[in-house]
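No value in this document is a laboratory result; all are computed from the given coordinates. Not measured: the values here are computed from a predicted model. Here Cβ is always computed from backbone atoms with ideal geometry, including for glycine, and neighbour counts include all displayed protein chains.
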2 protein chains.
Amino acid sequence: MTKNTSTGLWGDSKKQTNSKFESCELNPWSIISNDFKKDQILSCESIFSTGNGEIGQRANFEEDYSGKQLTGNYINGVYFKDRTKVSWWKNGYPDYFAKMVNCPNWNRLRIFVNDQLLDIGSCKEISFFIRELNMKEGWYKRDFILEMKNGEKLKISSKRFYSIKRKEIGAIKYSITSLQDDTNIKILPFIDLNVKNNDSNWNDPFIKTIDYELDKTNSFVISKVIGTEFEISTFSNTQFYIDGVLSENIIPYSTSALSATGKKEKVIANCNEFILNNNQELIAFKIGGYCNSNNYSKKELKNKSKITLKNAVNLGFDKLLNEHIIEWNNIWFHSDIQIKGDTKSQQGIRYNIFQLNQTFNGSNPKLNIGPKGFTGEKYGGVTYWDTEAYCIPFYLGTKNSQVAKNLINQRYDQLENAIKNAKKIGLNNGAALYPMATVNGEECHNEWEITFEEIHRNAAILQAIKKYVDYSSDFDFIKNKGIEILIAVARFWAQRVNYSNQLKKYVILGVTGPNEYENNVDNNWYTNYSAKWCLKYTRDSLFKISNDKKVYDRIVEKTNLKKHEIKKWIEIENNIHLPYSEELNIFIQNDGFLNKELIPAEKIPKNERPLCQNWSWDKILRSPYIKQADVLQGFYYFPDDFNLKLLENNFNYYEKFTVHESSLSASIHSIQSVKLNKLDKAYKYFLKASRVDLDDYNKEIDQGLHITSMGGAWMSIIEGFGGMKITNGMLSINPKIPKNWKQYVFKLNFRNRLINVEVGLKEIKITLLKGKPMELLLNNNKINIA
Amino acid sequence: MTKNTSTGLWGDSKKQTNSKFESCELNPWSIISNDFKKDQILSCESIFSTGNGEIGQRANFEEDYSGKQLTGNYINGVYFKDRTKVSWWKNGYPDYFAKMVNCPNWNRLRIFVNDQLLDIGSCKEISFFIRELNMKEGWYKRDFILEMKNGEKLKISSKRFYSIKRKEIGAIKYSITSLQDDTNIKILPFIDLNVKNNDSNWNDPFIKTIDYELDKTNSFVISKVIGTEFEISTFSNTQFYIDGVLSENIIPYSTSALSATGKKEKVIANCNEFILNNNQELIAFKIGGYCNSNNYSKKELKNKSKITLKNAVNLGFDKLLNEHIIEWNNIWFHSDIQIKGDTKSQQGIRYNIFQLNQTFNGSNPKLNIGPKGFTGEKYGGVTYWDTEAYCIPFYLGTKNSQVAKNLINQRYDQLENAIKNAKKIGLNNGAALYPMATVNGEECHNEWEITFEEIHRNAAILQAIKKYVDYSSDFDFIKNKGIEILIAVARFWAQRVNYSNQLKKYVILGVTGPNEYENNVDNNWYTNYSAKWCLKYTRDSLFKISNDKKVYDRIVEKTNLKKHEIKKWIEIENNIHLPYSEELNIFIQNDGFLNKELIPAEKIPKNERPLCQNWSWDKILRSPYIKQADVLQGFYYFPDDFNLKLLENNFNYYEKFTVHESSLSASIHSIQSVKLNKLDKAYKYFLKASRVDLDDYNKEIDQGLHITSMGGAWMSIIEGFGGMKITNGMLSINPKIPKNWKQYVFKLNFRNRLINVEVGLKEIKITLLKGKPMELLLNNNKINIA
């Protein structure tokens, strides 16, 4: 993809963004904010999101809040097919956009203080407000003192997490301390069924309730996703403690109490009442979560939920939290990057690693990574080329390589749909075009200039396969499965080119490159070069396989591969048009680029930035301004194909037109800057990549975080400053260190080994923590680690 | 615009078309169809549409019909603002698409035969079915014999028209003859309020009923258009005659009778009952129509409706028809084209002239011409560049030149909005971009590649001004108003170009030419050449005005025109890039065109045509196939700028790639073919232009007729075969005649004269029917007519 960092372009509404999220405290392990500002509520809901890789939620209030909020609880892999909405239908558009379902909200507590509704949005005062997202231990906490309109004061503290150990369980510890005597607290824990997807084409409901069950402490709701028929079980259990003693003080279900806000609400709730004296504390432990029909048969869904909930409740909040922290310790052990001397960088990179793991941590081979994870609804929560280009490197480096393999396997499983997709644009003979956005291999995206034309994504899939094989040395994957993807993609390019009689070259017309600020251009250099590379990589792989005649013959038979096809591939490789300016010694981004009005981006008036929020689309398209690395994305993928001088020329030329309005841009620029020894620039881009959300660079995090681009921040350190690459099958490290840092340390998972790399101002230390001894290149010298 | 002749592209649904409309009988003055086929109902509703230039209707049944139909009654100028629907919002998109409101349907009659509902869709048999649209007299008639399921037979005849004399009145004569004794006929004339716009973005209701009134014979309903607040009064009066005697046999309003179909319907109705013997005839005269708040204050709307209806009812059906026929005679006197020896051509061209007049005949200076007139809802019924490019020539040639002037005046009145529109794409200093689709100068269209980029429409406005001034010699229009449009458009082009350092030329990047099968291309030759012409035409006009210093100074002051602007215009004119291939001696449609896979369109498999219904959009874009004349549109507008050899080369080159999937294509090709003396080809294209609907070339007339392109058919004869042009202010005629024709005769309105031109096989006769003697060029020789 290429997520816009603004609403203007990819948004489905004209709404301009909220006010910018104001920076949190600098802290190496926590995100802490002391502000309670109503115009920051949506942004904070995003920033403080929690998840466990399968289930996640925005940091919504448990209490009532009468201001604007965006309630969000999502389950990876549970989606609605939202009927396509376009202004004018183009032949070949997909039928639907798959969208993660916003689930019933089990977090809710409705509280009455002396019969007055506790509403965070309209109480008299909120003071000593503090939020903390503790990344080390994976929990989110709020503390504050609240004064009701009637004058009653309460001290409230809420701590919650989604268990990284038990993928269906979340837990909340909600504490109310009265700051006066005789405070009547009526408290109703409930599941809010009145949730809707905010990003909906037709305002259709996505789910309906088909069953529910309620007893004194437990609630269960079974919902069905309309159309896709997924079933979701939402459940919760609440227990109250006063002075550390479990209370049995349950009042039957009361609808009247629930409608106190005057709104008609669909809820499922118990009701409880307490009288608190001064300094007396009431604690509600709410344990809840979701089971769904991807993991259980529909028949046993409710029973499994009951067991799941019961087991968690029996363990209790503290023990659940404890096992959760142990799991996080384990994740951090493998994936932490320590940066000494610069808390800003330290916090930034940890936030990225933390949120990536909250979104996806490899626990389930069927899941993937949506651009906003569980933090917002934009992009539907489905899979883009972000996964291959920005996330797979991270998971390869920090997890068992099976995790990346699972992600690539999904593309293998979807090959048939990718072939159907290529047929839609008129290609055949097993050519495959992977979708721009998908949940099951079917295309979801519906802007013709992206859907049909941003075809470079096909190359990213092959790059990811190459990266996986280089990392794991698991060439068998290519032999067994990958080669079918390779051949299908090679066939795609071989048919998608045409021969230009005028140029006497093969050309690729009508594409959109990574720079989506050009549409329907001819001969995007990055796309053409990637096509050439795909053809060669496929041929090379076939050649390597051909040693094993039996395997080779099986593949040829299965794919019906003909010799003349391979001959044609070679002809295209050798004769593809690669726009180049001799005068400037740069690759030309695409035909016609040099006819533009080439004024550097720094001359654009500040109030016209970001362009996508201020300029009409045609003005953007005819301008030279580049949304994200395009030619430079090629230098990222093919670092060994060009010399430094050529990189420098291209970097210097294109950087001045690049506006970085995609969150995916900064990391690639950081990595190239390191190569060119522009370490200050690299550092600046690294900060932008790693703190795009924490510092809300583009005033839009109210809608969710830029999850997939967080992988780019990781790449900026490992492949950028760390200079990590794999050359001829050998791990190679060439570290540099920006001047703000005293030391940085990262670990790499590489071929069943765990390698620790410490880069200091004066020395570099590489340690093998796990696995067999190996040889690697450090600053181009072979060394052995044991 | 450029209406697609298929649903695929411009349609808002994926639905494929209905079965093709089967040709009607060849008849010089009538459209006659003897078929009653359910799959032709929608097509016939379009073909047999009636209107009077202000109000119109599809040829819906008066009776109940349980099959699929598309009820449509529309008033020009009464529209709803349908909130924009797009998949991804682009900055600068309009807020709404203006759509003509589908009004309450006053035509309806519900009939029960011996208490059984008469339903055309489910009766036992329909026989001797015949429809006739009489173009000479402007009425539509249906005759048939119907057998009910119970066996009762009726002979039914219905004749109706919208009065071209009384713009708010329509009339129906509906006759039922029983073919057995003792037939109980219950008949309920009603106004159906249960109508909705079929083309609606959000399925919102467009109108609501705010008042109604009902007596024994009259019904009035006042509706308000939601949002725009237009008010519509729908009214009808019904009188029954048995054996020629007025019946007073009225039964009070009965809802139960109305709900006989089982459907919940909002209606306003009277109820009447009769017993007919064998061969006894019951005639219902239903007179009705619409008044609206564009013509009356809302306060007096109902009273004015009452007076309007009463006057018409007092006159009665026959006299209303009579005065209507007289009006049509007058229209035909000025606009008829007679073709001897070829009924197919004769019927075709008359159908075009007839439908254009039904859609717009100049009666109201505030109205304009929607691409589908009153025959369908596509394109919203709003104004496109079709008006200037295809309709104004027709109205100039067949009406008082005030009619064309009124149309151009609308653009003058909308100049301020066109300036706002240009601001949206970043231009300023009074530059104007006229909208792609508009009802009041505000842009309605919302595909970026059209809305923001199909900017050649700006030149068409100036071409229409030039044509009007050449025709009328009313240069004062330019002095008083037109020059402001010219300057604003010149300013647009001067800012929309940029200088290419590479080419050392001014370029226009990111446009869509008339060929909408290319989007976002650079240097579309037609657009660039048109820009150059606009600059020159503006300069020339200013120069001419400068003789009158007072006027000139007023203009300079009002527009704040600077000398350096004019200097810049000259520089651009002299240095604009006009893509040209020396090798082929053709203009290149746009940069990169020659890199395409240049396979002639005839090689495309038949089952892949039309492309827009079969190919994905990207495949169309990267192909060389041309939707409608593009370079050739330039040869149409600038015939004197290029020699015949150049025209021939371009024609031969581009014709083979042209798929004519816009209804606007054939006429331009016909005109150019005549120039190249390819008369057979010209004839073929003329037939395609003039009979696109009657022969349903593109299987889509179920959705309405191609009204604006009908002007092109007229141009094919007058400017094509007739060779009419105005050279240096002098009328010039160079007629040729295709071999199928024995003679053709047309009239021209020219500078307050009426000129009759008869072109025979051997002789050409030009007669001045009205006005002062004049000189003209016949086959390039000066002659005088008196």
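When you work out D = kT/(6 pi eta Rh) for the range A:111-197 at 25 °C and 0.890 mPa s, using the Kirkwood radius from C-alpha pairs as Rh and the Stokes-Einstein form, the result is 167 µm²/s.
For the range A:180-230, applying the loop criterion from DSSP together with a ceiling of 15 other beta carbons within 10 Å to the chymotrypsin sites (Phe, Trp or Tyr not before Pro) yields A:202. Evaluated over the Cα positions of the range A:372-516, the convex hull gives a direction-averaged projected area, one quarter of its surface, of 9.7 nm². Diagonalising the gyration tensor over the Cα atoms of the range A:541-629 and scaling each eigenvalue by 5 before taking the square root yields semi-axes of 46, 17, 11 Å, largest first.
Write down the Å³ per residue value for the convex hull defined by the alpha carbon atoms of the protein assembly as shown.
Cα-based convex hull of the protein assembly as shown, divided per residue, equals 209 Å³.
Placing a pseudo-label 7 Å from each Cα along the Cα-to-Cβ vector at residue B:550 and residue A:194 gives an inter-label distance of 7.2 nm.
A Stokes-Einstein calculation at 10 °C with viscosity 1.306 mPa s, built on the Kirkwood radius of the range A:321-412 over Cα pairs, returns a diffusion coefficient of 112 µm²/s.
Can you give the helix-only mean residue ellipticity at 222 nm for the protein assembly as shown, where every DSSP H stretch with n ≥ 4 adds -39500 (n - 2.57) and the sum goes over all residues, rounded to the nearest 500 deg cm²/dmol?
On the way: 44 runs with 472 residues, N = 1572.
Mean residue ellipticity at 222 nm (helix-derived): -9000 deg cm²/dmol.
In nanometers and ordered shortest first, the copy-to-copy spacing of the residue A:209 label point, defined 7 Å from Cα toward Cβ, is 3.7. Taking only alpha carbon atoms, the range B:108-158 gives an Rg to Rh ratio of 1.05, where Rh is the Kirkwood radius. One residue of chain A places its C-beta nearer than any other to the axis carrying A onto B; that residue and its whole-Å distance are A:520, 2. Taking a ≥ b ≥ c as the square roots of the eigenvalues of the alpha-carbon gyration tensor, the range A:129-261 is classed prolate because a/c is 1.5 or more and a/b outweighs b/c. On the basis of the beta-carbon distance and an R0 of 41 Å, residue A:333 and residue A:562 show a calculated FRET efficiency of 0.20.
Label point of residue A:127 (7 Å along Cα→beta-carbon): distances to the other copies' equivalent points are 9.6 nm, sorted ascending. Return one number: the angle in degrees, 0 to 90 and rounded to the nearest 10, between the long axis of the Cα atoms of helix B:483-496 and the longest principal axis of the Cα atoms of chain B. Helix B:483-496 sits at roughly 70 degrees to that axis.
Judged by the gyration tensor of its Cα atoms, with axes a ≥ b ≥ c, the range A:30-79 is oblate; a/c meets the 1.5 cut and b/c is at least as large as a/b.
In order along the range A:737-745, phi translates into HN-Hα couplings of 9, x, 5, 6, 9, 8, 6, 9, 10 Hz, rounded to whole numbers, per the Karplus curve 6.51 cos²θ - 1.76 cosθ + 1.60 with θ = phi - 60° and x for Gly and Pro.
Could you tell me which of the pairs A:90/A:423; A:420/A:481; A:372/A:424; B:304/B:405; A:196/A:372; B:298/B:366 are separated by over 20 angstrom between their Cα atoms in the structure shown?
Over 20 Å Cα-Cα: A:372/A:424; B:304/B:405.
Rounded to whole Å, the principal axis extents of the Cα atoms in the range A:61-175 read 63, 36, 22, largest first.
For the range A:552-559, the Karplus equation 6.51 cos²θ - 1.76 cosθ + 1.60, evaluated at θ = phi - 60°, returns couplings of 4, 4, 4, 5, 4, 5, 4, 9 Hz by residue, with Gly and Pro reported as x. Which of B:99/B:596; B:467/B:675; A:603/B:85; B:81/B:344 have a Cα-Cα distance over 30 Å? Flagged as over cut-off: B:99/B:596; A:603/B:85; B:81/B:344. For chain B, the longest principal axis of the C-alpha atoms and the axis of helix B:679-690 are separated by about 50°.
Computed from backbone phi with θ = phi - 60° and the Karplus coefficients 6.51, -1.76 and 1.60, the 3J(HN,Hα) list for the range B:501-516 is 5, 6, 8, 6, 9, 7, 10, 10, 9, x, 10, 10, x, x, 6, 6 Hz; x is used for glycine and proline.
Using the Cα gyration tensor of the range B:374-444, with a ≥ b ≥ c the square roots of its eigenvalues, what is the shape: rounded (a/c below 1.5), prolate (a/b larger than b/c) or oblate (neither)? List each step's numbers first, then the result.
Details: a/c = 2.74, a/b = 1.49, b/c = 1.84.
Oblate, since a/c reaches 1.5 and b/c is not below a/b.
The three principal axes of the C-alpha atoms in chain A carry coordinate ranges of 88, 58, 57 Å, sorted with the longest axis first. Just so you know, the Rg over Rh for the range B:616-717 is 0.98, from Cα atoms, with Rh as the Kirkwood radius.
Computed from the Cα positions only, the extents of the range A:20-105 along the three principal axes stand at 52, 30, 28 Å, in decreasing order.
Using DSSP to define loop residues, name the trypsin sites (Lys or Arg not before Pro) in the range A:565-672 whose beta-carbon has at most 16 other beta-carbon atoms within 10 Å.
Numbers: sites: A:567, A:568, A:596, A:603, A:606, A:619, A:622, A:627, A:645, A:656; in loops: A:596, A:627, A:656.
Answer by residue number: A:656.
When +1 charges are put on Lys and Arg Cβ atoms and -1 charges on Asp and Glu Cβ atoms, the dipole computed for the protein assembly as shown relative to its Cα centre reaches about 2340 debye.
Return the loop-located trypsin sites (Lys or Arg not before Pro) in the range A:292-374 (DSSP other than H, G, I, E, B) with at most 14 other Cβ atoms within 10 Å of their own Cβ; answer none if there are none. Loop-located and lightly packed - A:299, A:366. Annotation for residue B:656, label-to-label distances across the other copies: 4.6 nm (shortest first, one decimal, point 7 Å from Cα along Cα→Cβ). The orientation-averaged shadow of the Cα convex hull for the range A:476-616, equal to a quarter of the hull surface, comes to 11.7 nm². Mean silhouette area of the range B:634-786, derived from the convex hull of its C-alpha atoms and averaged over all directions, reads 10.0 nm².
Of all lysines in the structure, the ones whose alpha carbon falls short of 21 Å from that of residue B:173, not counting any fewer than 8 places away in one chain, are B:136, B:141, B:153, B:155, B:159, B:165, B:186, B:216, B:286, B:306, B:310, B:319.
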